[in-house]
1. Which value, in Å² and to the nearest 10, is the accessible area of residue B:372 when all protein chains are kept and the probe is 1.4 Å?
2. Would you pull out the residues with amide H under 5 Å of residue B:370's amide H, same chain only if 5 or more places away, H placed 1.01 Å from N?
3. Name the long-range amide H neighbours of residue C:32: under 5 Å, sequence gap of 5 or more, or other chain; modelled H, no Pro or chain starts.
4. Once label points are set 7 Å from the Cα along Cα→Cβ at both residue B:262 and residue B:381, what is their separation, rounded to one decimal in nm?
5. Label-to-label distances across copies for residue A:20, with labels 7 Å out along Cα→Cβ, in nm, shortest first?
6. For q = 0.13, 0.18, 0.28 Å⁻¹, what log10 I(q)/I(0) does segment B:297-373 give under the Debye formula with an equal point scatterer on each alpha carbon and no solvent?
7. Work out from phi, with θ = phi - 60° and the Karplus expression 6.51 cos²θ - 1.76 cosθ + 1.60, the ³J(HN,Hα) of each residue of segment C:323-335, listed in order in whole Hz, and give x for Gly and Pro.
8. Scattering from the C-alpha atoms of the protein assembly as shown alone, worked out with Debye: what is log10 I(q)/I(0) at q = 0.07, 0.08 1/Å?
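The values are calculated or read from the model by the stated rules, or taken from the named source; none is laboratory data. Just so you know, these numbers come straight off a predicted model, no measurement behind them. For neighbour counting, all protein chains shown are included, and Cβ atoms are generated from backbone atoms with ideal geometry for every residue, glycine included. Areas reflect the complete protein model, heavy atoms only, side chains present, ligands, DNA and RNA absent. Shrake-Rupley method; radii C 1.70, N 1.55, O 1.52, S 1.80 Å.
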Amino acid sequence: MAASKFASNQFTIFVTLFTVLFLVLFGIFGRYSGETLPNGSPDFGKVSRDYPLLHDTHGFVLIGLGFLVAFLRRYGFSALAINLLLVAFVLEWGLIIRGFLSPEFSQHSAFSISLKDIAKADYTAASVLISYGAVVGKLSPIQYVILAFIETPLSIVNEFILFALLGVGDVGGSIVVHLFGAIFGIAVARVVFKPSQIQSEHQGSIYHSDIFSFVGTVFLWAFWPSFNSIFAVTAAEQQRAVVTTFLALLGSTVTTFLFSQLLNKEKRFNFKHIASATLSGGVATGAVATLVLSPLAALLVGIVAAIISVLGFNVVTPLLAHKLGVHDTRGVLSLHGLPGIVGALASVILLFLTPTEVFGETIRNIYPLHKTDSKDGRTPAEQALFQLAGLGVTILFALVTGVITGVILRLKIWRQVREKENYSDTDFFEVPEDFDFTTRVTSHIERVELTEHTERTKLTNNEFTN
Amino acid sequence: MAASKFASNQFTIFVTLFTVLFLVLFGIFGRYSGETLPNGSPDFGKVSRDYPLLHDTHGFVLIGLGFLVAFLRRYGFSALAINLLLVAFVLEWGLIIRGFLSPEFSQHSAFSISLKDIAKADYTAASVLISYGAVVGKLSPIQYVILAFIETPLSIVNEFILFALLGVGDVGGSIVVHLFGAIFGIAVARVVFKPSQIQSEHQGSIYHSDIFSFVGTVFLWAFWPSFNSIFAVTAAEQQRAVVTTFLALLGSTVTTFLFSQLLNKEKRFNFKHIASATLSGGVATGAVATLVLSPLAALLVGIVAAIISVLGFNVVTPLLAHKLGVHDTRGVLSLHGLPGIVGALASVILLFLTPTEVFGETIRNIYPLHKTDSKDGRTPAEQALFQLAGLGVTILFALVTGVITGVILRLKIWRQVREKENYSDTDFFEVPEDFDFTTRVTSHIERVELTEHTERTKLTNNEFTN
Amino acid sequence: MAASKFASNQFTIFVTLFTVLFLVLFGIFGRYSGETLPNGSPDFGKVSRDYPLLHDTHGFVLIGLGFLVAFLRRYGFSALAINLLLVAFVLEWGLIIRGFLSPEFSQHSAFSISLKDIAKADYTAASVLISYGAVVGKLSPIQYVILAFIETPLSIVNEFILFALLGVGDVGGSIVVHLFGAIFGIAVARVVFKPSQIQSEHQGSIYHSDIFSFVGTVFLWAFWPSFNSIFAVTAAEQQRAVVTTFLALLGSTVTTFLFSQLLNKEKRFNFKHIASATLSGGVATGAVATLVLSPLAALLVGIVAAIISVLGFNVVTPLLAHKLGVHDTRGVLSLHGLPGIVGALASVILLFLTPTEVFGETIRNIYPLHKTDSKDGRTPAEQALFQLAGLGVTILFALVTGVITGVILRLKIWRQVREKENYSDTDFFEVPEDFDFTTRVTSHIERVELTEHTERTKLTNNEFTN
């Protein structure tokens, strides 16, 4: 490792600077929210509702996204550890940026932190971690931190444009979390692309790293209904979002098996599809979780999302990598990007199919600028246009800012990953002695010859020459 | 792979057919429940109670049962993936079948889906997944799907007979979930039995596959109090079910260690007992979770269940396999079947020991046809007889329908698992390059001779000949 | 294994005795709590608040602490299984001991069991499991049981002294759980120390055992806000404890990365720091979770805890092991002990910095003997002194009782771990065939020579000589 002095110290320098910056900003502007203060919250109703959902929303990013990305055989430590680092870093920075954009801040020059604020910061963490999925294995720790430092405000600004300016409805973040994160991620990935990233012998999984990543899959599945319903306004909407998300996940799960096998020459299932595309129903219902009112619609959203997602993994992801140099390590475009678009389009279609009158005044919980019996506002068709506008703005904004971020990350001042060490823990983590054997050699062993075959005895009594 | 064209396409054909069938049925008859609709659910009380329990009940089948079955060394992908597929498939189909049997359907020709309905479908998924445990590694994906398609309505019909016709009490499903699933599963296993299933060199675990399965164990432990209490009627009953389940699990956990070691010649613990029989207290309290009123009784139910369960694993399971050709891959008879019987018998004994008057009118939450001060009904002795009847009906019904299902699954039209590939992912999943080494060769290596011993250096710099 | 007849039966004898003892005591004195009885709990508010928190508090010990300790390469079965055994054993015994010390017992000669009582027993289990971390791999199963049997009442007595006699505030157990457990554990470890424990070739991890332990890390992170807030009195305090714990964990997570790399010669991260010290913010906020009222303070507590914790792992733990014979397998002093002290000192400092008037009467929920406007009591300075007294008492009490316990455990009557088999499952668990290869040989393989290189083909078709 011939890293310069600056290269080897830049993590220390920048993370210290960011920490000091965050402490100063929290110190000057941060408050505990009223409901946590001694005279706050007279009863347990609200916390009993919010806390389990926060718990799951946080588990979504901390556990689910963390293990999902641990499929690389030589990058398990980094994948998990950097995920944890980014969760913590983005939560701090996201609480601050969201605080600055809050109405409270413009009134009192201070922002406060409640359970819901933490959950909102988890949404931002999710979008950053999705981007991380596109470049996992290709950047150094400091580059990931810089990426997170830049993307956090951009993700929040995009959300602000869609929610506060365009009045887009996206209660579970199909567009503002999943699509933004995916597009931003592949834009960065394109700019930092090197052919070695495709050629690397270290890319890919081993059997047990795939199983570790499945820990992420099942927890994401389990946490998704909470993730999509935490920002629902009424109890009815919360339950509706849960039911919609459940049904869509059922649809996307069965459909993923169907298409994963169908598109495989030898009619085998691809475990990476099973570990990823099964979740696409959760992604796609983010935009419509409280809008859907029929089981059929929920299932169809999930089914379409899974078809698109599996096709993405099978066709789009390899094509982009080999033709356009857009190498997306975990396939975030196929898991989060394309199903995010499905979600946005589903919201458009449903606006035409669902008579919005049935929502009464509560349509404003879904689309805050929609007309109701008592208030003027957008027609469904107008709202549909704004949904499309939100989709377009997000893609464009994520692409442009992702490219710029990629250019910044590519700067020679940052420590880079050595070409031979793509997707490998060795340069950045202390690894145990078996590391190389377990993660590299085992894949090359095709024939073992036991020259001296002795009778099977207790393994503990085995001789072996060391 | 010399699979015929039909054999290699039948998964596609049948899963597509089932998906279309489900979509049609959901489209015609399925509704969102009233509490999820725009004018539903004025407050968060109910959802704050139901949702965390649904979350756990679903985690029970999705995460707990999934990882528990991932102990086979070469069947990790299949075990986890098929579990996920069956969860989704059975939830869809179970929501439909339960809908058809609901009072709402007979009145309005439609059924609706609430959080509790999803949890009920999770119960059915649990019973199917328990059956799956008996045949894991022996069937092809399409056979598992057919099994689930057939068992889902049968499991619900059995439950309907016990609850609606016999007035059996079984709040946490000792009989209708665990016992039914286990008996059905071993009946199927008997019919599809081939000697190769016992002789297979692939049966069994490796060290890390056993540890993966323990992820299932701890989550089942943690989710079990929710699983047993979600259908409790009052807040008191919910808490009672939680306390009972906890205490029984404490009893079964300690007792499993005691008997696992005691019955072992070399006084070693058997990790498979620890990973399974520790949970038998949860199984057995399903039938009595809201009936038990003393810590001693709860502990004893757990202790007896664990003793029976460990004896099952040690004596019954191998005996059945070798003498009767009932090969039960994961030992579901010992984990779910026998403790389920313990639960049913516990409900009989407690009906004699507990003065049911102390329950007042709430005895009808446990046994809906029981007499109370204000209403005529069964005496405790009569109810005990009906509990026994429910036990007998379930065993008989599960045996008969399981055998028939086994006969259907054995039909040559279905793709079968090749004899050499029992308990192996290779025919049905893409596997990574290390697969064979990690899951097969390592178990045969008794001696490694390092012919050239060089000084320990950075592992990344190792030479190795490829 | 030349274990004497007594040695090989003592687990059976003692665990049977303890089980009978517990059954007798539960039978005579144990009751279900009023809210679980037929006429209890009219509404779901309380159970909806308590149950999800109990669920997490239990998951904390069952899942989090269990997997965290599974990092040893050859001790995965034992680490996980013994953790599970101790959870169950300590919950039973702890419920009894706490019952005997309850006001209810002195009035009615009986104690009752509610959800909160189970959570309190989980606190005691946590302290025992932390002690277990210091000696993991060095004791036989019966020794662990004896340790737990002795430590459970001692831990509860220490808590009783601090809470009931000294009026110490420690809502999340920085002092009574984490510090007590750590000090007790290292005291035991010192007494049972043998040089073979340091020299053992089996100490340490392999790549996948480290990843298994990270399952523990992320779940501890996720469960910690619940662990610290379950005994908060008001809804405001619960939310405050959640926010404080979250922010401190953010601080400790980022800071751990900073210092783990900074203190490493090659500027690599140490995965064991990442898996442990990131959690130190949770430990340290136990004593101040409901006292902190500013985000800055919460973050700083986490940051300081992480610095101390990483320094502990880097400097203190190895020093103690090599100079003083205090070998702490999992580094519980650095993860739980030192951050526990940080928590205690934070409570002292905050008592001087926070004007306790802002809490009004609710200061008594934090410090029950504190003065309020309406009641006489301690000044903040006096309370600070009592906090320090509690810290001192705990260290002293844990040290003395830990040493005595260690002496008891060292008695030759107990089966001991053979020196060659430190940190190894082989003497106490049935292990699969690959065990020795996976957990021992792989670490020694530096060069693999494939003498005959044939073209890469399907792995299932590999020849290999068996």
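1. For residue B:372, the solvent-accessible surface is approximately 20 Å².
2. Excluding prolines and chain starts, which carry no amide H, the hits are B:378.
3. Placed amide hydrogens put C:113 under 5 Å from residue C:32.
4. For residue B:262 paired with residue B:381, the spin-label model returns 3.5 nm.
5. Copy-to-copy label distances for residue A:20: 6.8, 6.8 nm.
6. After summing over all Cα pairs, the log10 values are -0.54, -0.76, -1.21.
7. 8, 10, x, 9, 9, 10, 3, 9, x, 5, 4, 6, 8
8. Debye intensities relative to I(0), on a log10 scale: -0.69, -0.93.
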